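The values are calculated or read from the model by the stated rules, or taken from the named source; none is laboratory data. Owing to the predicted nature of the structure, the values given are computational and were not obtained by experimental measurement. Note that each Cβ is placed from the backbone with ideal geometry, even for glycine, and that neighbours are counted across all protein chains shown.
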Amino acid sequence: MPIDQEKLAKLQALSNKNKVGGARRKTGSKVAGSATAVARDDSKLYSTIAKLNGVTVDNVAEANFFHEDGSVMHFSKVGLQMAKDYNTSVVYGLPEKKKLDEMFPQILPQLGAEAYQALAQLEAQLKEFDEKKKNEEGAKVEDAN
């Protein structure tokens, strides 16, 4: 069958004007650590806690996690869920890493009577240690002379 070149040119012109298709573009690329990824991780966490019969604990004002290096992970706005049967707790919120020195005035009122006694003993031990250290330094200075 012969092809009419004029008809073909007209059809090509029409198709260029009324282009329906086009390059397929991927919409919404995933970014590591994006809000949707975090929300997805949170939903997995919540569903896992729900499977463990977890309960949301209300009226928790703050949470503090103490590290061995003397820093504190402080949650001021905190959510807490617990699965008592599995000895599992989930604390979520926005943590701030602070030094223990900064947190001490806020933590002090929360301590009980035993903690105050332990602090008094610690203070007495530190005073004794400082006195021993001064005496040893004084003895070294006298020996040197």
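Below is a table of values for the structure above.
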| read-out | value |
| --- | --- |
| Residue list for the range 50-63, restricted to those being more than 18 Å from the chain's Cα centre (by Cα) and either aliphatic (A, V, I, L, M) or exposed (fewer than 13 other Cβ atoms within 10 Å of the Cβ) (or both) | ALA50, LYS51, LEU52, ASN53, VAL55, THR56, VAL57, ASP58, ASN59 |
| The range 80-97 - residue that is surrounded by fewer than 16 Cβ atoms within 10 Å (Cβ to Cβ) and under 13 Å from the mean Cα position of the chain (by Cα) and, of those, nearest to ASN53 (Cα to Cα) | TYR92 |
| Single residue of the range 98-138 satisfying the filter (modelled with pLDDT of 80 or more and outside any helix (DSSP H, G or I)) that is surrounded by the most Cβ atoms within 10 Å (Cβ to Cβ) | LYS98 |
| Residue list for the range 50-74, filter: of a type in the set (A, V, I, L, M), closer than 20 Å to ASN87 by Cα and either in a strand (DSSP E or B) or modelled with pLDDT under 85 (or both) | VAL55, VAL57, ALA63 |
| Qualifying residue in the range 72-92 (condition: touching a Pro at 6+ places or on another chain (Cβ under 6 Å) and either assigned by TED's automatic domain parsing to the domain that holds ASP42 or not basic (Lys, Arg) (or both)) | yes |
